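Just below is one structure, and these are the notes that go with it.
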Amino acid sequence: MERPEWIAYSNEEIEELILKFTKEGKSTSEIGIILRDQHGVPSVKAVTGEKITAILKRNEQVQEYPEDIMNLIQRAVNIRDHLKENPKDLHTKRGLSIIEARIRRLGAYYVNNKQLPEGWRYDPQEAALLVK
């Protein structure tokens, strides 16, 4: 995909916006949506040639855990809190096991790609501390 000629921002200005939004606590997907909806940048990769995560890595602003696994961990922690109050909710118990299986699979993928440390394991108690 080539850079659209109607974009008013330079690569440096887009990078500054990304770093500004990161300091405000926005996730990479939120940054992409803001750039698309409010600044008219259809795709950061098409414009700059780099993904948002690559720009953050280059500027040493990358998060400790990838966003997708953190979202799954947050969901698992919320479901565990729900199950403490509603222990007979069997449908939710099944949903928790499915989400935790996704976390384990995704964790193995990130360990193989060296985005998580070697020997990383999902532990529900550590996940609760990590999220909160």
Q: State in Å² the accessible area per residue of the chain; use a 1.4 Å probe, count heavy atoms of protein chains only, and round to the nearest integer.
A: 69
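Determine the dipole magnitude for region 66-132: charges of +1 sit on the beta-carbon of Lys and Arg, -1 on that of Asp and Glu, nothing else is charged, the reference point is the Cα centre, and the result goes in debye to the nearest 20. Please list the in-between numbers first.
Details: 12 positive and 9 negative charges, 45 e Å.
Computed charge dipole of region 66-132: roughly 220 debye.
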Q: Would you work out which of 65, 124, 18 lies farthest towards the positive end of the dipole of the chain? Charges go on Cβ: Lys and Arg +1, Asp and Glu -1.
A: 124
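What's the magnitude of the charge dipole for region 1-101 around its Cα centre, counting Lys and Arg as +1 and Asp and Glu as -1 at the beta-carbon? Answer in Debye, nearest 20. Show your work: numbers first, answer last.
Working: 15 positive and 18 negative charges, 110 e Å.
It works out to roughly 520 debye.
For the chain, what does -39500 (n - 2.57) per DSSP helix run (n ≥ 4), summed and divided by total residues, give at 222 nm, in deg cm²/dmol to the nearest 500? Each step should come with its number before you reach the end.
Details: 7 runs with 87 residues, N = 132.
Calculated mean residue ellipticity at 222 nm is -20500 deg cm²/dmol.
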Q) Give or take rounding to whole Å, what are the principal axis extents of the alpha carbon atoms in the chain, in descending order? A) 57, 31, 27
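The values are calculated or read from the model by the stated rules, or taken from the named source; none is laboratory data. This one's a predicted model, so the numbers in the text were calculated from it and none came from an experiment. Note: ideal-geometry Cβ built from the backbone for every residue, glycine included; neighbour counts use all protein chains shown. Please note that ligands, DNA and RNA were not included when accessible areas were found on the heavy atoms of the full protein model with its side chains. Shrake-Rupley method; radii C 1.70, N 1.55, O 1.52, S 1.80 Å.
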